[in-house]
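One structure is given below, encoded as structure tokens.
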Amino acid sequence: MITRELKKKESCLSGKRVMVVGCGKTGFSTSLFLKRCGAEVIATDISPPSSIERIEELEKSGITVEAGGHREKSFLASDLIVVSPGVVIGMPLLKEAEGRGIEVISDIELVFRFLDVPVFAVTGTNGKSTTTALLARVFENAGKRVFMGGNIGVPAAEYFKKEEGYELCVLEISSFHLEAIKTFRPHVAILLNITEDHLYRHKSFSEYAGVKFRIFSNQGPGDYAVLNAGDGAVMDALQKEKLKGRVIPFTTSGELKEGLYLKGEEIVFSFDNKEEVYPASGAHLAGIHNTENIMAVIAAARICGIGKDIITDTVRNFRGLPHRMEFVREREGVIYLNDSKSTNAGSLHKALEGIKGKKSVVLIAGGKDKGGSYDFLKGRIKEKVRLLIVIGEAKKRLKDTFENTVETLTAESLEEAVGIAGKRAAPGDTVLLSPACSSFDMFRNFEERGQVFRRLVEGL
């Protein structure tokens, strides 16, 4: 049941004027939770009322919706402002409100203040959703009542809708969440990797890396920081930070005195003068990047006392999430993979790294450019790709970058790209959709992009 302590915490918002910025899925859930706590809630969005889903439900709940633009008067009259992940934390109205002493926090920070169970938080540029889902599945298979949410598609405030409560909380955390935390303190925080992403929002890669490291900022001696010791950017950032939680490193290159490392076909976990060995092959999650994700899950689960057999069985049977190196079909000896969730160059690099063979990939990439560099991909593309087909707003930039590295063709649509790939791929090849760009120039989201790719491939 909802605890007495939780009800007491909720009551502290009674009568407070709280603004929620952003009326998407997260803003909707957050607004309803705040209203339940007795707050006077205003939900604001720059989109017109006609494009806000379930606006009538918000209004029927007694929530004021200000759509079609933000109103300065409402911002400055608030006692608290909660921002949705898609909202730029540096927008002038938020800065002005903070300057007047009004607290501005993310929805993750708000929810954390009311949680009464341990939090396991996962961040990183790539692999967050897979790791979050796998870790939650391990806990579920161990008989735990688990809430899984955050950036994975379930707003964190949905936690409070289950009356019988949970035993622990597994959250996927983005850099957008971490920009506006104050007290957020996960018992176990996982940092998978840091590569260039969201540079249209962050001033520099260094700033972006620093925001990622905020996941550890409030931890204490009884907490754990699980991080990728084989990631150069993670280790560079670690040199600048003094972590208070116990660090558990993992790597797929080299050995560690303490932590997790790869030794042949096995994952070795050395911890508290004990050593355990887990299989590194045989799982549906292929590729070296997924080996890193599995290492992080092993560390977090063992910290919580989950048995080795449960972890091993769960990893072996876990089939991954849609749109992440997802097998679509084999046709005339050609394998088709849907990696639509690849929205940055680092994700594409890891996708190619996980495919065996040289010059065996027909790659479809492109979409809405996010401002990062593609140059570091040249070596991997030269090694793995024999034909690159580029689409979307980024196609000219991608063609200019890679046309001297690999044969590069342009297509005006994903349908045209799949048609070209189907004709040019030979037995033994892999046709890979791994865009390294966001989807918003051509699709609503990466899910729609992946669904269209699947439909086109199945129709070949």
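We did not get these values from a lab; they are worked out from the coordinates using the rules stated. Only a predicted model underlies this, so the values are computations on that prediction, with no experimental measurement involved. All Cβ positions, even for glycine, are placed from backbone atoms using ideal geometry, and neighbour counts span all protein chains on display.
Values computed for the structure shown
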read-out	value
Nitroxide proxy distance, nm - points 7 Å out along Cα→Cβ at Arg331 and Lys73	5.9 nm
10 Å binning of all Cα-Cα separations within the chain, expressed as whole percents from 0 upward	4, 20, 28, 26, 16, 5, 0
Relative contact order, percent, the chain [alpha-carbon distance under 8 Å, six or more residues apart]	11 percent
Inter-centroid distance (Cα atoms) of segment 39-81 relative to segment 154-186, Å	22 Å
Student exercise, the chain dipole from Lys, Arg, Asp, Glu Cβ charges, in Debye to nearest 20	180 debye
Ordering of 300-309, 119-128, 26-35 by burial proxy (mean other Cβ atoms within 10 Å per residue, highest first)	119-128, 26-35, 300-309
Positive-end residue, the chain charge dipole about Cα centroid, Cβ charges, pick of Gly305, Val406, Ser11	Gly305
Tilt relative to the chain, helix 128-141 - C-alpha long axis, 0 to 90 degrees, to 10	70 degrees
Taking the convex hull of Cα positions in segment 110-317, its mean projected area over all directions (nm²)	11.3 nm²
Mean Cβ neighbour count within 10 Å, used as a protection proxy, ranking 428-435, 355-362, 111-118 highest first	428-435, 111-118, 355-362
Burial order of peptide ranges 82-89, 141-148 (average beta-carbon count within 10 Å, highest first)	82-89, 141-148
Too-long pairs where the Cα-Cα distance tops 19 Å, listed order kept, from Lys128/Lys396; Lys128/Lys182; Lys128/Lys257; Lys356/Lys382; Lys368/Lys395	Lys128/Lys396; Lys128/Lys182; Lys128/Lys257
Crossing angle, helix 25-36 versus the chain [Cα axis fit, 0-90 degrees, rounded to tens]	20 degrees
Extension gain from Glu448 to Lys182, taking 0.36 nm per residue of separation minus the Cα-Cα distance	92.3 nm
Long-range HN-HN contacts of Ile364 with modeled amide H, under 5 Å	Ile389, Leu432, Leu433, Ser434
Rounded to 5, percent antiparallel among DSSP beta bridges of the chain	25 percent
Rg(Cα) / (2.2 N^0.38 Å) computed for segment 110-190, rounded to two decimals	1.01
Stokes-Einstein diffusion coefficient of segment 1-110, Kirkwood radius over Cα pairs, 25 °C, 0.890 mPa s, in µm²/s	175 µm²/s
Taking segment 110-317 and dividing mean pair separation by its residue count, relative contact order in percent (alpha carbons under 8 Å, at least six apart)	20 percent
Spatial separation of Cα centroids for segment 248-318 and segment 435-458, in angstrom	32 Å
Candidate aspartates and glutamates - alpha carbon under 14 Å from Lys240, same-chain residues fewer than 8 apart omitted	Glu207
